[in-house]
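Derivation of every value follows stated rules applied to the coordinates shown; laboratory data play no part. Computed from a predicted model, the values in this text were never measured in an experiment. Using ideal geometry, Cβ is built from the backbone for each residue, glycine included, and neighbour counts are taken over all protein chains shown.
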Amino acid sequence: MRTYVVAGGTSGMGRGLALHFLRRGDRVTAVGSDPARGRRFLEEAAGLGAGERATFLRADLTSVAENARVIKEVGERYDALDGLVSTAIRHFPRRTETADGYESTFALYYVSRFLLAYGLTGLLERGENPMIVNVCGVGITKGRVHWDDLSLRRGYGGIRALLQGGRATDLLGAAYAANHPDGRVRYLLHHPGFTDSGTDSLGQPARAAVKLLARIAAQPVEKAIAPIIELMDDPPGGGGLLAYDRRRPLDPALPSLDPDAARRLYDLTAHLLNL
């Protein structure tokens, strides 16, 4: 029986992966902000006969303190982890800033994944075949990290924020692998392609437009998560960093995985590890 933490595990691809793990007999802690979705997840787990193996942790992952609480509670519950899966993402049409001073998209898409990855490394190193999975936009070259304005106080746009978050989380994977050259944990950056994983964070008319487009062009969650499951169960050999667009391996020398930029971003946020 393996043990997984899925951040964003009550909806979309996170929910799909969490339920997959439960069906095959594993233990799962799903982290999410919506208590109603959390209850539905636990009801689904019970329906699978996996109620005792499923846990829901309610947390606002845009908060540094809440991420620290998740790390603490997971550490109290488990002696080892086999996987950390991060899928939580949200579109913020208007700029909002967290209590920690981060723009909310950056806080959820990058800072939370940074904290959970490093904060749970000790447990992951004791897992059987441990992997961190970061569902993101690796391979996409649009957008950039705004080094002089990470919180996008100047010229905010929801898509601009998402693109910056995507580039930052690519660099997170590169930095993590560089910081753990002798570790056992593999780090997978995975771009699933356009997936029908919900539109709840979108306002109108964007929600209606995306929902219509999803009916026409998006793949179902079950298809999107299949390559991730394959890579987690049977990872290829090589170094600690894996980057895939669906089933296609990507060149680790991509500009979006630049090691110097990865180190620069790590240095800007490393102080968070001293909570």
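Among the residues of the range 90-103, is there at least one that is in contact (Cβ under 8 Å) with a residue 24 or more places away in the chain, crowded, with 18+ Cβ neighbours inside 10 Å and among the aliphatic types (A, V, I, L, M)? No, the conditions are met nowhere in the range 90-103.
Checking 55, 87 one by one, the residue that is crowded, with 24+ Cβ neighbours inside 10 Å, out of contact with any Phe, Trp or Tyr (no Cβ under 8 Å at 6 or more places or on another chain) and within 25 Å of residue 125 (Cα to Cα) is 87 and no other.
When the test is whether a residue is under 24 Å from residue 247 (Cβ atoms) and not hydrophobic (A, V, I, L, M, F, W, C), residue 139 passes it. Identify, please: which residue in the range 144-194 is among the hydroxyl-bearing types (Ser, Thr, Tyr) and surrounded by 20 or more Cβ atoms within 10 Å (Cβ to Cβ) and is, among those, nearest to the chain's Cα centre (by Cα)? For the range 144-194, the residue satisfying everything is 169.
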